[in-house]
Structure formats: C-alpha cells, structure tokens
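Remarks on the structure that follows.
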Amino acid sequence: MEYITLIGIVVVILGFALKLDNILTVIAAAIVTALAGGMGVKGLLDTLGSSFVANRNITIFITVLIVTGTLERSGLKEAAAALIGKVKNASAGVIVSAYAIMRAVFAAFNISFGGVAGFVRPLIMPMSTAAVKNKYGEINEEHEEQIKGMASSAENVGNFFFQVLFVGGSGALLVQGTLAGLGYEVELVDLAKAEIPVAIVALVVAIVYYIVRDKRLMKKYYESGNK
Amino acid sequence: MAFFMDAEVTLGTKILEIIFMLTGFVTIYTGIKNLLDEKNPSRVGTAVFWVILGSIISFGRWLPTTVTGLLIIIMCIPAVLKKVKMGNVQKITAEETQANFDKIGMKVFLPAFAIGVGALLFALLTDLGALVGVGAGVLAAAILLMILLPSNKPKVILNDAERMISTVGPLSMLSMLLACLGAIFTAAGVGEVIAKIVGGIIPKGNVNVGIIIYAIGMMLFTAIMGNAFAAITVMTVGIGAPFVLAYGTDPVLIGMLALTCGYCGTLITPMAANFNMVPVALLDMKKRFTVIRNQFVIALIMITFQIVYMIIFK
C-alpha cells in the first residue's frame, strides 16, 4: 500500500489549515512520511541532517539580520517617511500607488521599514485621509474602509512580487533547494531574472487598479449627489 | 582545515563557508546571551534552540548527518513547546531614531541598499556567487553604519543583531524545515505516488495542461494552507517535476514562477492571517475581508498572466 506515504501531505494540509504549531506540523509530517516510506529512524535523521546542511543557504537571512536592527536604530523608517512625504497634492489612490512603488523597490533590495503596523497605520493612512478631506471637506466611512484595504493590499503586492527580485531571498533559495533535490541545478540570479516581467506587470496592474477604484469610489460617495 | 586548503573547492564556496561560520557565531551568541539573561522567562529553552541552530550553521559541513538530524529534532522541541523567548533587549525609542535621522538623514539608505547591491554585483560580475555578495553587502553596511554614526559601535551592532534574531524567533526557520520536508518527500517516493494518481486523471505528456494544473494547484494549495512555502515543496515534487519539468521545460522559469503563483493564493486567503487578517485589526477595518477584496482582482490577473508567460516561454 504505497499510498500510505502520502500521509505526510495530509499532516501538512491539516496542520496548516487547522493552525496548529507550524514547526510541529512540519516535523510530524517528516517523521510519519519517513516511517511510512520505510526509511527508518536513521534514514529520517540522515535525510533531515543532510538536507538541512545542503539548504544552509536559507540561513543567509540571519546574516542580513546582523545589520537590520542597527539600520532601524539609525533612522531608516524616518528616512522612508521623509521620502513618501515628498508626494504632495495627490489623491488617496495616488498615495497608495506611490507606497506600492516604494514598497516594491525596497523589497527588491530586501529592505523593510515597518509594514502595516509601523508604516501604513502611522503614515500612509493619515496622508490618504488628509488628501480626501482637503478635497471634499470630509471622508466617507466606506471610502476610508476601502483605502485601508488598498493600502494593506499595496503592502502585500509590493512585498510579495518584488522580494523575489532580491538575489538571495528566502523564496528563491527554497525553490533552488527544492529543484536541486530533484536533480535540477539553477542559479539564484537567473531565478530573479525570470521574475522581472512578473514583478513589473504586478505593480502596473496594482497601480491601475488602485487609481481606477479610488476614482470610482470618489464619484460614488462625493460627486453623484452634487450634480 | 583540509576543506579550506582543498584546491578542488571553489573560492566562493570557501568564503560562503566563512560567512556561515560568522552567522552561526552570532546565532550562538544569541543563545548564550539569553542563557545568562535573568529577565528571559525561558533561559534554557531559548539557549538550546539558538546554540544548536548556530552550531549547525557554523559546523554543519563537518558534522555527521545522523548527528545533525538528531540535533535538529532536539532543537525543535523548545520551539514547539513555546520555550524560545525574548530576553532583555535594548528597545529603540522614537526619540533616538529621530535624533539619528536628524544627524545622517537620507544617507541611511546607503547601508540599506548595500546588501542588495552587493548580491547583484557579485552575482553578475564575479564567480563567487550571490550569497557571498550578500555577506560582503552586510559587511559594507556595517562599516557604513559605523562611519555615518559614531555611536554605532560594534557592540551596538552585535546586540541589535541579537535583538532582531530574537524578534524573528524560531518560526523564521520554517522555510528551512519545509525544504527538508521536501527532501524527505522525495526520498520516501511521495512524488511518484502523486504522479501515479494525477497521471490517471490528466493526460501525461501534455505540458501545457501540466503547467496550468501546477500553477492553479500552487494557488489553491497555498490558499488552503495559507503558506506558499509549504505548498511549493509538495506541489513541485508531486506535480511540477513529473508533469512539467520531466518534459525538458526550463526549470528556472517554471520552478520560480510556481512560487509567485502561490503568492496569488496568499492574496486571496484568510488563512494567510499575517497578511490579510492582522491588517484588518491594525487599521480598524469594519469588514473582515476588506484587504482580500482589494487584492482579489490583482491575484486573478497575475495568475492568468503567469500561466500564459510560462506556456509561451517554457
């Protein structure tokens, strides 16, 4: 009954879907798969040990962490805030789009400066709501809700599709390691190159979407009644 | 020492090994500092995790694989029991960062960008490899930080490193453990079993159908699990390799884009709580799905674009 080796996949799906401890889920899946596949305890430990060492490249993120804290201490977030502050006289849609671009460029260089908690909440949202109030004197509650959604979306889209351009990022290293295990050797810089068109299209699509959506919302909530 | 003298080993591999050693030492330092830290609520568990991890990073090449495997299992025990904690760290105040920004201003971007630039330059201009470039970039960033701001002493950088490592915590090792799980799936023959099952449903040999199933499978599988890293190991071993890569398609393009197809799944699922649900709380949104609603169209366009791109350039 060879289907029994699939039990590890069931463990992974259930463990993640039920929000059990992630590390426990992965280790449990590794143990049951190895035992079901007849690898034995020594086979499990050997494969675990050799693949961990073979994938040590992934730990390069710890190397980067060595300077991340001091960058933060030296005013990186304040500098990013000064940069986005240069966007003036813009609508909320344009401000969110500018943030998407900035987040994207920085993600490609593996730099982050606060995310939703540290940057969107204290900076992007006040800038956006101020822009709407300047133009219409007030902000519609539902409009504000959607601007919050778009700003969080800009954080995710910029981050996801551009972090893969950083040569040495965790995602590409995992892909490289997975492919190597299957017998395909690939270079990190080539993996990053393959993502360039995807990243650019994602950013353009996102920007057009935010600006068009914001325009529609403004029409719906502020302008229809005035005509 | 024989490894570093070996003429067969490339210079890039040797330098990378030194980078791993130093990285491991900083990780071990994190463990020891927390062991001696009376403010840490779980000194032993925290130390066990970081010291073992650092030792494997530093000396993994020379440890017997069975020993390494056993160490990994032991290392995960305090992590699963939630016994890896933060100790007493020097929190940064807003006054301090603002004062530092007033001193050096936008020049702080120089060390910030040094790492990515280093990776790119080394990957394109040398044969030492991108990761040696990351290491060189980190070194350059550290030196620049010390020059720009004299208060950034080596001790400050070291303790900031410890603070960051403690902050990201054991969960940061998830992608590493998933990579290991992928290797175990392959060794146990999981790929062949899935290939047999899926082979009964979809026609083998039609690469375009394979690409579509691989891409959409990545998206849906990620949406179910909430984690593209977890999905890609299973999907690549089970679908990507036997139904797409086995037919001579470009592993760089197919393997890498599978990950961003997975990210399209991340954009549409409440399972990815950190990205789609936590912001709802942080920004006081009224409806639970406002973030996902503002990403859904983008995700659908991007999965379509990527499938077409893979089919054309496979």
*Excluding ligands, DNA and RNA, what is the solvent-accessible area per residue of chain B at a probe of 1.4 Å, expressed in Å²?*
42 Å²
_Length released on extending from residue A:117 to residue A:54, taking residue separation times 0.36 nm less the Cα-Cα span_ = 19.1 nm
*Can you tell me the FRET efficiency between residue B:32 and residue B:224 if r is taken as the Cβ-Cβ distance and R0 is 45 Å, rounded to the nearest 0.05?*
0.65
*Only helical DSSP H runs with n ≥ 4 go in: add -39500 (n - 2.57) per run for chain B, normalise by residue count and round the 222 nm mean residue ellipticity to 500 deg cm²/dmol.*
-22500 deg cm²/dmol
*Put a dot 7 Å past each Cα toward the Cβ at residue B:143 and residue A:223; how far apart are the dots in nm?*
5.5 nm
*Anything over 27 Å Cα to Cα? Flag those among B:83/B:153; A:86/B:155; A:86/B:107; A:88/A:219, in the order listed.*
B:83/B:153; A:86/B:155
*Express in whole angstrom the spacing between the alpha-carbon centres of the range B:286-308 and the range B:134-157.*
40 Å
*asked:* Of the candidates B:52, B:232, B:298, which one comes out as most mobile in a Gaussian network treatment of chain B with C-alpha springs shorter than 10 Å?
replied: B:298
*Output ³J(HN,Hα) for the range A:37-48: one whole-Hz value per residue in order, computed from phi by the Karplus curve 6.51 cos²θ - 1.76 cosθ + 1.60 with θ = phi - 60°, and x for Gly and Pro.*
x, x, 7, x, 5, 5, x, 4, 5, 5, 5, 4
*Looking only at other chains, what is the average number of their beta-carbon atoms within 10 angstrom of each beta-carbon in A:140-150?*
5
*asked:* Only four residue types carry charge here, +1 at the Cβ of Lys and Arg and -1 at the Cβ of Asp and Glu. Report the dipole size of chain B about the Cα centre in Debye, rounded to the nearest 20.
replied: 780 debye
*Which aspartates and glutamates have a Cα less than 14 Å from the Cα of residue B:286, not counting those fewer than 8 places away in the same chain?*
A:141, A:142, A:144, A:145
*asked:* If each DSSP helix of 4+ residues adds -39,500 (n - 2.57) and the sum is divided by the residues in chain A, what number results at 222 nm, nearest 500 deg cm²/dmol?
replied: -23000 deg cm²/dmol
*List the residues whose amide H sits under 5 Å from the amide H of residue B:294, counting only those 5 or more places along or on another chain, with H placed 1.01 Å from N in the peptide plane.*
none
*Each residue of the range B:217-230 in turn: what ³J(HN,Hα) in whole Hz from Karplus with 6.51, -1.76, 1.60 and θ = phi - 60°, glycine and Pro shown as x?*
x, 4, 5, 6, 4, 5, 4, 5, 8, x, 8, 5, 5, 5
*Residue by residue, what Karplus-based ³J(HN,Hα) values in Hz, rounded to whole numbers, does the range B:58-63 have, using 6.51, -1.76 and 1.60 with θ = phi - 60° and x for Gly and Pro?*
6, 10, x, 4, 9, 7
*asked:* If a paramagnetic tag sat 7 Å from the Cα of residue B:273 along the Cα-Cβ line, which residues of the range A:1-41 would have the backbone N under 15 Å from that point?
replied: A:15-25
*Summed side-chain charge close to residue B:20 - residues other than residue B:20 whose Cβ falls under 14 Å, Lys, Arg +1, Asp, Glu -1*: +2
*Angle in degrees between helix A:60-73 and the longest Cα principal axis of chain A, rounded to the nearest 10*: 30 degrees
*On a C-alpha basis, how far is the centre of the range A:146-168 from the centre of the range A:1-80 in Å? Whole number, if you could?*
24 Å
*Ranking by accessible area, most exposed first, for A:56, B:43 with a 1.4 Å probe*: B:43, A:56
*Charge sum, other residues only, whose C-beta stays under 15 Å from residue B:296's C-beta, Lys/Arg counted +1 and Asp/Glu -1*: +4
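The values are calculated or read from the model by the stated rules, or taken from the named source; none is laboratory data. Computed from a predicted model, the values in this text were never measured in an experiment. Heads up, the Cβs are rebuilt from the backbone with ideal geometry, glycines too, and the neighbour counts pull from every protein chain shown. Quick note on the areas: whole protein, heavy atoms, side chains included, nothing else; ligands and nucleic acids left out. Shrake-Rupley method; radii C 1.70, N 1.55, O 1.52, S 1.80 Å.
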